[in-house]
Amino acid sequence: MSVLGTSRPAREWPTWVALAACYTIWLSAIVWHDVLGWFWIVPAALMVTFHSSLQHEALHGHPTRSGVLNEALVFAPIGLFVPYRRFRETHLRHHNNVMLTDPYDDPESWYLSRYDWCRTNPATQGLLKFNSTLAGRVLIGPALALYGFWRNDVRLARAGNREVVRAYVLHFAGLVPVITLLVRADIPLWQYGLLAAYPGMSVLMIRTFIEHHAREPVAERTAVIEAGLLMRLLFLNNNYHAVHHNHPYVSWFGLPGIWRRDKAEILRGNGAYHYPGGYLQVALQWLFRRR
């Protein structure tokens, strides 16, 4: 079996290293925040982003073949806001490529149907228009995403969906050691949420902002962004998003090799939805311009 397509533990050492680095840096930022001063929020926020990328690896079957063990490895909710099991369930539904960007069937779509848009009040339309720019997505995107996510989950829980309830019970249990550590470190929860967890989600929004767009051919809905080293690491190569959707069970460190090998074919398939200048190119094009 090719190294690109395997999830054998012996070949997953980069993911183990990434997990160890994430928790070490995050813990160091929390424990030594007095020494670091306000700089502690930078590594803490970046590790929230990085941890979300590791959760993404876990739900796709890495670094082990055991879903239970993979969940345990990323279970600590240092990002505070989204239960892992809800992320897993909605993201795997998102991987039904035929439904990508559909405002009803893709749980990660930012699109609204024309009918729903016309029923939306002008103030909300204004927020959504701002959210269609990169600046808006970074500033208010997390709040809008969480509002919609939690509202839907409350509806499901009230309707008797036990899996949703179980996901939140486990999430709250996981929050206990995280909050305990913050209290012992004398970091107010509101401060951590506002200055680390929310910005960490904002950084993640840079990736999700551009990775899909609505096109009739399904294959043309997913982008490739040739990012720099920092962003590739933070997103665990999910900037090669068309490659990931074509090979959803390939580990993060296998995606660049597939991209280099099949670049011409991938670009033909996705309609050249491609940003060779990376996220700087994305920012220059879309920072204050609506997509």
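The values are calculated or read from the model by the stated rules, or taken from the named source; none is laboratory data. Quick caveat, the model's predicted, so the values are computed rather than measured. Cβ coordinates were reconstructed from backbone atoms using ideal geometry, including for glycine residues, and neighbour counts include every protein chain displayed. Protein only, heavy atoms only, side chains kept; ligands, DNA and RNA dropped before computing areas. Shrake-Rupley method; radii C 1.70, N 1.55, O 1.52, S 1.80 Å.
To the nearest 20 debye, what is the magnitude of the charge dipole of the range 188-247 about its Cα centre, counting +1 on the Cβ of each Lys and Arg and -1 on the Cβ of each Asp and Glu? All intermediate terms of the calculation are to be shown ahead of the outcome.
Values: 4 positive and 4 negative charges, 23 e Å.
So the dipole magnitude of the range 188-247 works out to roughly 100 debye.
Using 0.36 nm times the number of residues separating R155 and V17, minus their current alpha carbon distance, what extension gain do you get? Mind showing how you got there, number by number?
Numbers: separation 138, 0.36 × 138 = 49.68 nm, distance 3.89 nm.
Full extension of this stretch gives 45.8 nm more.
Of all trypsin sites (Lys or Arg not before Pro) in the range 84-176, which ones are in loop regions per DSSP and have a Cβ with at most 10 other Cβ atoms within 10 Å?
Details: sites: R85, R86, R88, R93, R114, R119, K129, R137, R151, R155, R158, R162, R166; in loops: R119.
Qualifying residues, ordered by number: R119.
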From the Cα gyration tensor of the range 23-73, with a ≥ b ≥ c the square roots of its eigenvalues, which class applies: rounded if a/c is under 1.5, or else prolate if a/b is larger than b/c, or else oblate? prolate
Please identify the helices of the chain, taking whole runs of DSSP H, that span at least 30 Å along their own axis as judged from the Cα atoms and have a mean Kyte-Doolittle score of -1.0 or higher. 162-184
Which value, in debye to the nearest 20, gives the size of the charge dipole of the chain about its Cα centre, when Lys and Arg are +1 and Asp and Glu are -1 at the Cβ? 360 debye
Considering only protein heavy atoms, what is the solvent-accessible area of M231 at a probe of 1.4 Å, reported in Å² to the nearest 10? 40 Å²
Cα-Cα pairs in the range 80-132 separated by more than 14 Å, as a whole percent of all pairs, come to 62 percent
Considering the options A29, I78, F39, tell which one lies farthest towards the positive end of the dipole of the range 1-122, charges being +1 on Lys and Arg and -1 on Asp and Glu at the Cβ, about the Cα centre. I78
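Distances over 19 Å make up what percent of all Cα-Cα pairs in the range 82-235? Show your work: numbers first, answer last.
Numbers: 7559 of 11781 pairs.
Roughly 64 percent, rounded to a whole number.
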In whole percent, what relative contact order does the range 214-270 give with Cα contacts below 8 Å and a gap of six or more residues? 35 percent
Rounded to whole Å, give me the distance from the Cα center of the range 240-291 to that of the range 85-158. 22 Å
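May I ask for the Kirkwood hydrodynamic radius of the range 1-138, worked out over all distinct Cα pairs and given in angstroms to one decimal? Before the final figure, lay out the partial values.
On the way: mean 1/r = 0.0563 Å⁻¹.
Mean inverse Cα-Cα distance, inverted, gives 17.8 Å.
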Helix-only estimate, please: 222 nm mean residue ellipticity of the chain, summing -39500 (n - 2.57) across DSSP H runs of length 4 or more and dividing by its residues, to the nearest 500. -18000 deg cm²/dmol
Using alpha-carbon pairs under 8 Å, 6+ residues apart, how would you state the relative contact order of the range 1-152 in percent? 15 percent
Note the direction-averaged projected area, equal to a quarter of the hull surface, for the Cα convex hull of the chain, in nm². 16.1 nm²
Mind listing the Cα extents of the range 160-255 along all three principal axes, in Å, largest one first? 49, 40, 25
Taking Cα pairs under 8 Å and at least six residues apart, what relative contact order does the chain come out at, in percent? 25 percent
